[in-house]
Ligand SMILES: *Cc1c(COP(=O)(O)O)cnc(C)c1O
């Protein structure tokens, strides 16, 4: 018999759990977009968004999803015929590169596979091979493999080699979950979106850019009026921020989400994500003592604090996912980019998101439902996972 009725937990890596406060802030009549509250509310977003990104430079909001933010960044920063060095650590790194390629950019790809972060040696080789590359594209957290890349290290390497490329980073999964400091880490372009750590419905893409990127983009031959970030950053009239009608209700939601992050404090937000992730890893380490369970990323220092990719023996990943949804009210994410979609092997992989509006009882509850599911389905697994997870929380 199902025990799924009750509040469901959508633990896929986006859209993430939306706080009632965010949803309630959106439930209201249309505001005037020519004067009054909406204009002030929008002005209040910029400093908070920049604080979240760790930048004092430029922030823009596009009405669109993460793919829109990718394209906005690419069409401002890259030109037809330019070379972009792509350091791919999972499906999303390839996706951003494909977008650039379709805009006429040459891609110099280094593929780090599906279970490892970027490493210094191969990054150095990639940079040396393309001394005139216009940009380096990398994901901070790749949501498919759930690897977290060391952006600070990459910047240091680029500086050591005197490489002039723009450093462009995809933080769509990590913003508001994993620590990120755009200015301190020397990042030139950062893209993000509303529906993951920022706890707001899908529909807003964020593009942050440095003064250097802004200057470089002046010579771009790819930016149409709608995507041009200068028009938005310099908006003389309110409508220019969005190049048309503002996404009013998303902005009400975003305002509330940023207020919640400010109230909690960014350090506390990062800490919460770190401890919840450690609880997941502790459970994973226990499960993997017996049977086929494995966490995708071996090195804890290279694991995301926002989402964790896992596997069993096919088809047990899919069986477990279904059981959790049908019997526990918990929806896990499917595996992405780990095996050809639809192949038997794809049924080995799944992901647990712990991003955004998530707390101890939600993560412990998710782990407990997964543990129950493995027992119910007769999937071999190590014992003591819940004990290990609760200890991680207790120590946090
Ligand atoms: C979700 C995600 C994307 C794609 O965002 P969409 O809103 O689905 O277009 C890109 N990159 C990363 C790292 C993501 O997590």
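Only the coordinates and a few stated rules stand behind these numbers; no lab work does. Bear in mind the structure is a predicted one, so any value in this text is a computation, not a measurement. Positions of Cβ are generated from backbone atoms using ideal geometry, with glycine treated the same way; all protein chains shown enter the neighbour counts.
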Using the Kirkwood radius over Cα pairs of the range 33-129, the Stokes-Einstein translational diffusion coefficient at 10 °C and 1.306 mPa s, in µm²/s and rounded to a whole number, is 100
In which sequence would 83, 219 go, from the one with the fewest C-beta neighbours within 10 Å to the one with the most? 219, 83
Sorted by Cβ density within 10 Å, fewest first, the residues 218, 50: 218, 50
Sort out for me the Cα centre separation of the range 24-80 from the range 259-303, rounded to whole Å. 29
If one computes P(r) from the Cα atoms of the range 151-227, what percent of pairs lie at distances over 14 Å? 66
Most fluctuating of 375, 152, 196 in the GNM of the chain (C-alpha, under 10 Å) is 375
For the range 31-262, the spread of Cα positions along each principal axis, largest first, Å: 54, 35, 28
Could you list 18, 182 so that the one with the fewest beta carbons within 10 Å of its beta carbon is first and the one with the most is last? 18, 182
Simple spin-label model, 7 Å along Cα-to-Cβ: residue 120 to residue 212 in nm? 2.0
More than 40 Å apart - percent of Cα-Cα pairs taken over the chain: 16
Helix 266-287 axis, angle to the chain major axis (alpha carbon atoms, nearest 10°): 40
Pairing the Cα long axis of helix 91-102 with the longest principal axis of the chain, what angle in degrees results, from 0 to 90 and rounded to the nearest 10? 30
How would you rank 32-43, 256-267, highest first, on the average number of other Cβ atoms within 10 Å across their residues? 256-267, 32-43
Under a 10 Å cutoff between Cα atoms, tell me which one of 180, 208, 238 has the largest fluctuation in the Gaussian network model of the chain. 238
With the chain treated as a Gaussian network of Cα nodes joined by springs under 10 Å, which of 44, 210, 304 yields the largest mean-square fluctuation? 44
Can you divide the C-alpha Rg of the range 160-313 by 2.2 N^0.38 Å and report the result to two decimal places? 1.29
For the chain, find the longest principal axis of its Cα atoms and tell me its angle to the long axis of helix 248-264, 0 to 90°, nearest 10. 70
